[in-house]
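The next block holds one structure in the form of structure tokens; read it before the comments.
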């Protein structure tokens with residue numbers, strides 16, 4: 001079974017038939033290989049332009065809930081369409097990409113496939129899309145409501161200041177003050193400071 005077939009099978013189980021049909025038609029039209037990848041902490045998905053040995057390729061984290069999955073997939077499809085039209089002349093998340101992303105998302109509007117709270121957060125995000133949906137606090141927090149999360153975990157923003165927490169890699173930090181949009185945290189072992197997204201899931205100690 002190919003990676004593309006695996007992805008289509010996964011999408012077919014998660015999406016309404018009409019939504020799945022849109023995605024399937026894009027995959028066939030653009031001859032893009034869509035791969036469900038292992039979860040990555042630094043990104044939800046990515047797009048790679050064609051090379052001599054490969055065509056268009058998109059990877060999406062396999063652990064995303066259906067709503068985050070579809071938004072991320074549309075995000076990467078917008079990169080593909082931007083590449084087809086402008087190659088390297090367009091900025092990665094410039095006006096050309098924003099226009100493609102907004103137009104692609106419009107195809108799902110008549111389907112009413114998103115819950116009301118996601119629809120509202122997505123509408124605000126679409127007014128001026130950013131580099132990633134995870135960089136939009138309101139949309140990210142809304143999408144997290146539909147994640148299957150270990151009850152032992154919580155977000156960094158939910159932990160009291162001066163409290164210790166452990167990351168998925170096993171490193172231990174102490175939550176300090178908030179700097180603009182991120183939290184200043186101290187690595188207990190190295191005494192170095194790092195900035196954490198408020199929505200990162202950690203285990204409070």
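Things worth noting here:
- The distance between label points at residue 120 and residue 190 comes to 4.1 nm (points 7 Å beyond Cα on the Cα→Cβ vector).
- Residue-averaged [θ]222 nm for the chain, counting only DSSP H segments that reach four residues, each worth -39500 (n - 2.57): -12000 deg cm²/dmol
- Shape of the range 73-136, Cα gyration tensor, a/c cut at 1.5: prolate
- Mean separation of Cα pairs under 8 Å and 6 or more residues apart, divided by the residue count, gives the chain a relative contact order of 12 percent.
- Modelled this way, with points 7 Å down the Cα-to-C-beta line, the labels at residue 106 and residue 181 are 2.6 nm from one another.
- Helix 116-126 axis, angle to the chain major axis (alpha carbon atoms, nearest 10°): 80 degrees
- Helix 95-106 vs. the chain, principal-axis angle (Cα, 0 to 90°, nearest 10): 80 degrees
- Centre separation in Å (Cα based) which lies between the range 61-121 and the range 24-57: 13 Å
- Angle between the chain longest axis and helix 17-30 axis [Cα atoms, degrees, rounded to 10]: 70 degrees
- Counted over the chain, the DSSP beta bridges are approximately 75% antiparallel.
- DSSP bridge pairs, the range 33-149: antiparallel proportion in percent, nearest 5: 45 percent
- Sorting 120-131, 142-153 by average packing, meaning the other beta carbons within 10 Å per residue, from highest down gives 120-131, 142-153.
- If the chain linking residue 113 and residue 53 were pulled fully straight, counting 0.36 nm for each residue of separation and taking away their Cα-Cα distance, it would gain 18.0 nm.
Any read-out appearing in this document is the output of simple, stated calculations on the displayed coordinates, not a laboratory observation. Everything quoted here is computed from the prediction, not taken from an experiment. In this analysis, Cβ positions are derived from the backbone assuming ideal geometry, glycine residues included, and neighbour counts consider all displayed protein chains.
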